[in-house]
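What follows is a short report on a single structure.
Just so it is clear, none of the values below were taken in a lab; they were calculated from the coordinates. The structure displayed is predicted, hence computed values, not measured ones. Don't worry about glycine lacking a Cβ; one is built from the backbone with ideal geometry, like all the others, and counts go over all protein chains shown.
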């Protein structure tokens, strides 16, 4: 299976990842949404327990399940795909929370791979903000960047730091970095 066409964009909250992915989607690229926001919205709608501020381990299990499903679904999709976070982010989340990482999560992160180059968005104070789903403080956002950086490096990925730049420039940077062979739209 060719997972080189699976491109991850990770980093801390409020660093422009989702905006970048929306811009890539507007250019015709397939994108897969972030697990965290989707789970939080769903759990809030049903007053469920799997929220990061209620039950972090349960939240992490749902994130893992979401990300694994995204990975499996992507196998049948054509062209290059951009992921708003990946399976390793679940490991980073648990480590950031000071919680143990179950062995099955490490196995998933080690076996369900993405392109060796992972784009990482640094903490960007000028655009960081909180909302109903993003409750992290600026300090937590910085530490999230550090946690994601550490886990992806540990898993053997090469990190590419996204520039502090307008979204159009970030799109160009990503597309230039992945090169012409991966600039394939879905058909």
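If you compute Rg and Dmax of the Cα atoms in Å for the structure shown, which of (i) 15.6, 46; (ii) 16.1, 57; (iii) 15.4, 43 do you land on? Given (i) 15.6, 46; (ii) 16.1, 57; (iii) 15.4, 43, the structure-derived one carries the label (i). Exposure proxy shown here: for 82, 173, the number of other Cβ atoms within 10 Å sets the order, fewest to most, as 173, 82. Normalising the average separation of contacting C-alpha pairs (under 8 angstrom, six or more residues apart) by the number of residues puts the relative contact order of the range 3-181 at 35 percent. Axis of helix 56-74 versus longest Cα principal axis of the chain: the two differ by about 20°, to the nearest ten degrees. Compared with the dominant principal axis of the Cα atoms in the chain, helix 167-178 is inclined by about 70°. Comparing 162, 58, 21 in a Gaussian network model of the chain (Cα springs below 10 Å), the most mobile by mean-square fluctuation is 58. With axes computed from alpha carbons, what is the tilt in degrees of helix 138-154 against the longest principal axis of the chain, rounded to the nearest 10 within 0 to 90? Roughly 60 degrees between the two axes.
Among 89, 176, which comes first, second and so on when ranked by fewest other beta-carbon atoms within 10 Å? Could the numbers behind the result be given before it?
Details: 89 28, 176 10.
Going from sparsest to densest Cβ surroundings: 176, 89.
The simple spin-label model puts a point 7 Å past each Cα toward its Cβ; for residue 183 and residue 104 those points are separated by 4.2 nm.
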